[in-house]
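This report refers to the structure that appears directly beneath it.
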Amino acid sequence: MKLQWLVVRALSRTLTKPSTVSTSRFFSSSPAPSPDFAIKNVTRQNLDPVLADLRFLIKDADFVSIDLEMTGITTAPWRDSFEFDRSDIRYLKIKDSAEKFAVLQFGVCPFRWDSSNGSFIAHPHNFYIFPRQEFPADSHFHDEFLCQATSIDFLAKHHFDFNLCIREGISYLSRAQEEEALRRLHEELADPRSGCSEFGEKPVTRVVDILFSEKMKCRIQEWQKGFSFEERSNDLDKRFQTVFFKTRPALQLNGFTRNQLRLIQLVIEKHFKELVYIHTKGESASANHYIVYADTDIDKNLLMKEVKEDVHKEAILKIKSAVGFRRVIDILCSEQKLIVGHNCFLDIAHIHSKFFGPLPSTALEYVSSIHNYFPYIIDTKILLNANYALQMKMKKGSTSLSKAFALLCTQISPKIEELGLVFNPHVKVDVQVDDMRSSSWNSGAKHEAGYDAFMTGCVFAQACNYLGFDFNLHPPSGNLALDEKLQKHVNLLYLSWINCDIINLTTGQQMAESSLSPSRKFPSSKIVFQNIIIIWGLSSTKLKARDIRECIAKTFGSTSITSVYHLDETAVFVQFSKTEFVSKFLELKERLTRSNSPISVLHHMTKLFESGKVHAANYEIYKEICDSPLSKVMFADQANAVCTTPSSTPNTSIIMDFMAEDVVDSPYAVEARCSK
């Protein structure tokens, strides 16, 4: 027992040391380790050269581990994963999280097996990303995201550099956004007025506009006759500059308002057949405006063709530049390597939402879509729970990444080696950043995406070792995901860790973890979703789960309720022992709330509904509430907002008493009607 305590204490001391402490014995017993060096941090300043190298590293890799750091996990406490959440609802909650929070760091770590040294070479990269607006302010791309206070505080405590992320973080476009931008560009180019006009037709009626137009007409006539505005000294004339536009004489217009430019364009079109009004976009996305001399129709057509080609080339370059970090994702997709994550369903959902396109409405559509992009994904948390030897190594406890790294990658802890303890053989891992390769390095800190991606890859390598996988026998060009020892674990992700629900990305089917890990113990309680109702508005009644059970049991019998479970202080799940109790309860609730008879007043359940603000619905309405883009902090507010939307209440037999006056007049009803 004393020896075991020393091991735990040694691990604890090592893992809690600051990141500047040397790890000279990390994954090697080399007597002369090379100097420590930092992880590869990537911002928009060094993205291009890093991408050139990363493409080759991923191409040569046996697998690539990933990790993400986000601005939040759940938009409200009731959007956490509950035991009473059905699998389709679990997906909706993950979808809500991925759509509303941002990714600030993306860790990518290619691992390549070096047979000559019998070790993996890891190349950890830590990308700072930020959804910066790369298009003009009037663009249809609006990047907004939520921040969860606890998540931001967590990142701050782990020394996350928010200034670097916001200032130098790499922006990105999803594939869907890029396609939409290109579509809009082609539509603009198809417009015959594209390049020469940016204003709609509007008649000139104001006296001030008429006078301005006449003045511009006179000045343009002067210029056309060979008069240079630069020779005039008054302030107005400084707004004209004689230049050459594509070898043609031109006037550049400076400092005019949008309305004034519109008037100048109308003057040109009406009075000057040899002149053309042109506007182009500059590097800063601001427009440049010209009056260009073109004396023939042929020259005019040639000019407009040249302008359109320039606009097209410039716009294409801008769109390609805005793709940004997504180029990393494109490399991962094109190389079809085994992607390794730890409890990574949410990570993968973020990748789909941010870099491919909007998340599908159902889990089945989602897994089909993601499987097309990443055909091979493995979750180290699945591996840790699928093997008895690994379960024993993890002491049948938590399978968090930090704990798995500490217990499986024990060679990172020099204090333990000094105790003279013997561990199972392990897979060696060297680290290479740029041209420096070492078995001793200073990685940074946990909860930095690049380092967590590295830890994930290390855990995977050690887990494979426990599964009996010999990397020396693996062919260099072979696909790890197709090996028989790993194949049964590929494309299985935890949809819910609480209920041990697993989803197969290859088939879209869901399965219980017990089918993979017969030796593990799983919750024995059976949840029958069609037997569940949800009750909300309880904050006004101060009733607890015990009180609710007692009220209902007095009416339906002592064995009528299987369980009562709080979502938050405003709502509970109630599971009945029989399905028919659901409809009977809802019918009784409706009668009690609509009747003032003495029988209704004295009924046992009247206590539950006497405030007039308590509502109930079956489980399908709970799904509809979770599917809403609204995210009220309290579940009762969310339910009231969603369920007062007319389109949300098609069946009055399912929802009872939603159209009560206190709900219809609530501010949430207005927000719900205005939402998507």
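The values are calculated or read from the model by the stated rules, or taken from the named source; none is laboratory data. Only a predicted model underlies this, so the values are computations on that prediction, with no experimental measurement involved. Here the Cβ is made from the backbone with ideal geometry for all residues, glycine too, and neighbour counts use every protein chain on show. These accessible areas exclude ligands, DNA and RNA; they are computed on the full protein's heavy atoms, side chains included. Shrake-Rupley method; radii C 1.70, N 1.55, O 1.52, S 1.80 Å.
Side notes on the structure shown:
- Unique match (being open to solvent by 60 Å² or more (accessible area, probe 1.4 Å) and without any contact (Cβ under 8 Å) to a residue 60 or more places away in the chain) among H271, H289: H271
- Residue within the range 356-374 that is closer than 22 Å to R44 by Cα and either touching a residue at least 12 places away in the same chain (Cβ under 8 Å) or surrounded by fewer than 19 Cβ atoms within 10 Å (Cβ to Cβ) (or both) present: yes
- Of all positions in the range 105-118, at least one carries a residue that is in a strand (DSSP E or B), over 30 Å from A322 (Cβ atoms) and open to solvent by 30 Å² or more (accessible area, probe 1.4 Å).
- In the range 155-168, the residues that are open to solvent by 50 Å² or more (accessible area, probe 1.4 Å) reach residues that are outside any helix (DSSP H, G or I) and small (G, A, S) with C-beta atoms within less than 8 angstrom, at least six apart or across chains, in these pairs: H158/A445; H159/A445.
- Qualifying residues in the range 228-263 (those that are more than 13 Å from N288 (Cβ to Cβ), surrounded by 14 or more Cβ atoms within 10 Å (Cβ to Cβ) and of a type in the set (A, V, I, L, M, F, W, C)) - the one modelled with the lowest pLDDT: F229
- Residue match in the range 176-188 (condition: within 28 Å of I58 (Cα to Cα) and open to solvent by 60 Å² or more (accessible area, probe 1.4 Å)): yes
- Exactly one residue out of S439, S443, S413 is closer than 26 Å to A52 by Cβ, at pLDDT below 90 and surrounded by 16 or more Cβ atoms within 10 Å (Cβ to Cβ): that is S443.
- Scan the range 152-171 for residues that are modelled with pLDDT under 95 and of a type in the set (G, A, S) and the total you get is 2.
- All positions within the range 524-542 that are over 16 Å from K584 (Cα atoms) and either in contact with a Cys (Cβ under 8 Å, 6 or more places away or on another chain) or in a strand (DSSP E or B) (or both): W536
- The set of residues from the range 554-605 being open to solvent by less than 30 Å² (accessible area, probe 1.4 Å) and at pLDDT below 90 comprises L588, K589, L592, S600, M605.
- Scope the range 473-489; condition in contact with a Phe, Trp or Tyr (Cβ under 8 Å, 6 or more places away or on another chain) and open to solvent by 70 Å² or more (accessible area, probe 1.4 Å); matching residues: P476, K485
- Residues that are part of a loop (DSSP other than H, G, I, E, B) and closer than 17 Å to I73 by Cα, drawn from the range 335-350: H342, N343, C344
- Unmet requirement for L332, which otherwise passes all of (1) assigned to a helix (DSSP H, G or I); (2) open to solvent by 30 Å² or more (accessible area, probe 1.4 Å): (2)
- Looking only at the range 375-392, and only at residues there that are among the hydrophobic types (A, V, I, L, M, F, W, C) and crowded, with 16+ Cβ neighbours inside 10 Å, the one that is farthest from the chain's Cα centre (by Cα): L390
- Search result, residues across the range 75-104 that are under 16 Å from L155 (Cβ atoms) and out of contact with any Leu (no Cβ under 7 Å at 6 or more places or on another chain): A102, L104
- Residues being under 19 Å from M455 (Cβ atoms) and among the small types (G, A, S) - total across the range 366-397: 1
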